[in-house]
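Here, each number is a calculation from the coordinates, and none is a lab measurement. No experiment lies behind these values; they were computed from the predicted model shown. In this analysis, Cβ positions are derived from the backbone assuming ideal geometry, glycine residues included, and neighbour counts consider all displayed protein chains.
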């Protein structure tokens, strides 16, 4: 028996020694990887200390040895675009990486508008998705995670996926349309690294080194290096949420009266409400809790026996949907569009009942305006807008939101960016800022800091850094007003002082009622225009929107000169320029008249004799802004102040 134990222990020791000695590659260096063309390329990994590693690539052999900590790297000479190739790594074990392409690698980062996948856009871009097969456009999806203690060396998982009609649904919409445009123009493999996380502020993407220049977030992150604190906060958040929903479910009259079933509803004491709309505008008032909605529709025989699609716009905040008492689907928070598949057996000829349980834990609950609300079978549709019955299930006190630890400073840099910096790249695409509109002027410091931080970490010089200016969003204002969104756009504009940066202006691509507008194709194309000029040598194309470069305050007029205007500035859609406002004290603004004269813009208001500040498109949603270049690109919003000599 003792001999058997000894043999087993010896076997385990041998096996563990073999495992320790085996070379390991980062998740990035895996089948299907796209490596940066025309640059010396580093491949790297880990092994036993001082272990010898051999790489066979394109008939050549490269040798190296792991250092005392087990780290190793091999530098390959620059390669032209092309492939597929194979790499074989040999040590105490052997790893073969197949289907390698050389092309251009773009890191695509930011928050939800960069992260938003093609799946969310499939109704708008169905034909493009259907024809998306292209083995030369590939995405590496970085796992959403954080780490506050130190920069990580690798990801927990991840792989390179080529675009097909099914896989492209997981691609970032902005990044895919960018890659598609670049590939169609240059026929070069494009690798997109999707490292974005919804809701994240810019501070979460800064390294520890960069954060030291910003004392408040730097001090904040120090306490989150304590795992015990994180666990305590997460447990507290979970308990608070669980308790709230348990109480809500126990009080909800709709559950124990079976309001999900048509037979369980007595509509005699239900009220009417127009959908879309918010129950704060009804007799209920602005309460939190759960409200049930019900509507009878007549379905013709021609729509039976086929799968249907139910579109319920967007709902604030959570919904569970039933048709004829059968559960159809649920969505847990307000932002995703409500699109539910309805089985072919659910609908019946004649009267059908749709029931919706809506939970709202804070703010105004209800159905977002100007969104699609209909039931569809093939090309036949039934409009669901109009009068619905509704009844209160129960009221609740507002639920305090979670802490969102994953958005705290530094954590996303350490976990989602640091593992990338050994990989040579072509440049960065950045779409972020919505989560920093609470302190928009500060963004003029943090965005340049992030650009310089990442460039310093990659050690590739001033690679192109292309970012998206915030789009138009929220309700319009009839009068000039202050706007944090406009101020953040100004901070983005000022960040163009950092060399080799470009900004895609998108104030004409948004939706007033959706922070996640669907038009990601034009966002990607405008980023691609910038890249084509800055990174691909197309020097003659008009890639940037008009940007103000000089303002002359001359009496009661302000004369503004622009760069990147192409051959001409133009007025889009109307005879008069709109969106300009002017002030003589920097506080009180009035609308101004404006004309294009000698390819400059003259701005004035007869009642303002000595203007000191001029603004353009200064609003959350500057829907009347109509100054464009003749290339069809909108001018950036801006504020210009008179300087004193």
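Key figures for this structure:
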| quantity | calculated |
| --- | --- |
| Ordering of 135-147, 233-245 by packing [mean C-beta count within 10 Å, highest first] | 135-147, 233-245 |
| Extension gain (nm, one decimal) between residue 538 and residue 124, 0.36 nm per residue minus Cα-Cα | 146.0 nm |
| Estimated translational D of region 361-424 in µm²/s (Stokes, Kirkwood radius over Cα pairs; 20 °C; 1.002 mPa s) | 121 |
| Förster radius 35 Å - calculated FRET efficiency between residue 327 and residue 150 (Cβ-Cβ, nearest 0.05) | 0.15 |
| Ranked packing of 106-112, 354-360, 581-587, 61-67, most packed first, by mean Cβ within 10 Å | 106-112, 354-360, 581-587, 61-67 |
| Region 547-641, Cα convex hull volume normalised per residue, Å³ | 89 |
| Added length on full extension, which subtracts the Cα-Cα distance from 0.36 nm per residue, residue 585 to residue 439 | 50.3 nm |
| Pairwise centroid distance, computed over Cα atoms, of region 191-221 with region 578-645, Å | 34 |
| Highest to lowest packing among 201-208, 214-221, 98-105, scored as the average C-beta count within 10 Å | 201-208, 98-105, 214-221 |
| Sorted by Cβ neighbour density within 10 Å, fewest at the top, the residues 319, 370, 271 | 370, 271, 319 |
| Mean separation of Cα contacts under 8 Å, 6 or more apart, over the residue count of region 547-645: relative contact order % | 32 |
| Part-to-part distance (alpha-carbon centres) for region 404-478 and region 116-170, which is given in Å | 19 |
| Ascending count of other beta-carbon atoms within 10 Å, so fewest first, for 282, 544 | 282, 544 |
| Alpha-carbon centroids, region 494-536 and region 75-97: separation in whole Å | 35 |
| Segment residue 239-residue 576, length gained on full extension (0.36 nm per residue, minus Cα span) | 115.6 nm |
| Footprinting exposure proxy for 525, 348 (fewest neighbouring C-beta atoms within 10 Å first) | 348, 525 |
